[in-house]
Amino acid sequence: MLELTRRQRQVLDFIQSVHQAGGPAPTLREIAAHFGFKSSRAAADHLEALKCKGAIQADARKARSLRVTSPLTRLRSRIVDIPLFGSIPAGLAEDRVQEAKGCVSIDIQSLGIKPSPVAFALEVKGDSMIGKYIAPGDLVVIEPRAEPKTGDVVAALIDGDSTLKTFVQRSGKPYLRAENPRYPDLIPAQELVIQGVMVALIRKRK
């Protein structure tokens, strides 16, 4: 199981305490009310993260079916689930809103990465990174907490548009480099925000 954030642990403990008290699983509205969330959407987001991390299970066909899974079994496993947040352009930068599209299971041992409570996956669209063997349809695993270094592949917002490129600094000024000669370098006119560093690549099966 991936490490839980402080709030996710609190939500999990609340669900478990309700079960231990003999009550039915709490609803989204009850979870939101307990933690003072402004809407049930916030509660739903926490539950989705807990499901992705293997901490809870639920039957979509039944109301109040939340249940806490065995943490010891999941902690011994090298297979973890991380959220898949749609796709990212590996071509020209695009104005794009990322939405969670479920989870992807990864073997952290074979990929050589550490469990992370904030890592996420993105599907690659476009061919601007083929020089680093990143092809359309591949999945990239992104770690938001990693500090980008020159040569790292990063998910970034450049002047508000999303893209996957190589991070480069020249004379102390950062820009993004494509790994395909058909695409230009991307130099920010106003702002460059690094959303995370690619820590693993999951190859598209053919």
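The values are calculated or read from the model by the stated rules, or taken from the named source; none is laboratory data. Values in this document were obtained by computation on a predicted structure and should not be read as measured data. For neighbour counting, all protein chains shown are included, and Cβ atoms are generated from backbone atoms with ideal geometry for every residue, glycine included.
Observations
- Of the residues examined, ALA121 is one that is touching a strand residue (DSSP E or B) at 6+ places or on another chain (Cβ under 7 Å), assigned by TED's automatic domain parsing to the domain that holds MET198 and assigned to a strand (DSSP E or B).
- Residues that are modelled with pLDDT of 75 or more and among the basic types (Lys, Arg) were ranked within region 90-135; the one that is surrounded by the fewest Cβ atoms within 10 Å (Cβ to Cβ) is LYS114.
- If the condition is being small (Gly, Ala, Ser) and touching a strand residue (DSSP E or B) at 6+ places or on another chain (Cβ under 6 Å), then region 179-206 contributes GLY196, ALA200.
- Note on region 14-59: residues that are under 21 Å from VAL80 (Cβ atoms) and either of a type in the set (Asp, Glu) or in a loop (DSSP other than H, G, I, E, B) (or both) amount to 6.
- Filtered by the rule that a residue be assigned to a strand (DSSP E or B) and in contact with an Asp or Glu (Cβ under 7 Å, 6 or more places away or on another chain), region 137-162 gives LEU139, ASP161, SER162.
- Matching residues, region 169-186, being within 19 Å of ASP127 (Cα to Cα) and of a type outside the set (Gly, Ala, Ser): TYR175, LEU176, ARG177, GLU179, ASN180, PRO181, ARG182, TYR183, PRO184, ASP185, LEU186
- Options ASP185, ASP159: the member that is in the same structural domain as ILE108 (by TED's automatic domain parsing), touching a Phe, Trp or Tyr at 6+ places or on another chain (Cβ under 8 Å) and farther than 30 Å from SER105 by Cα: ASP185
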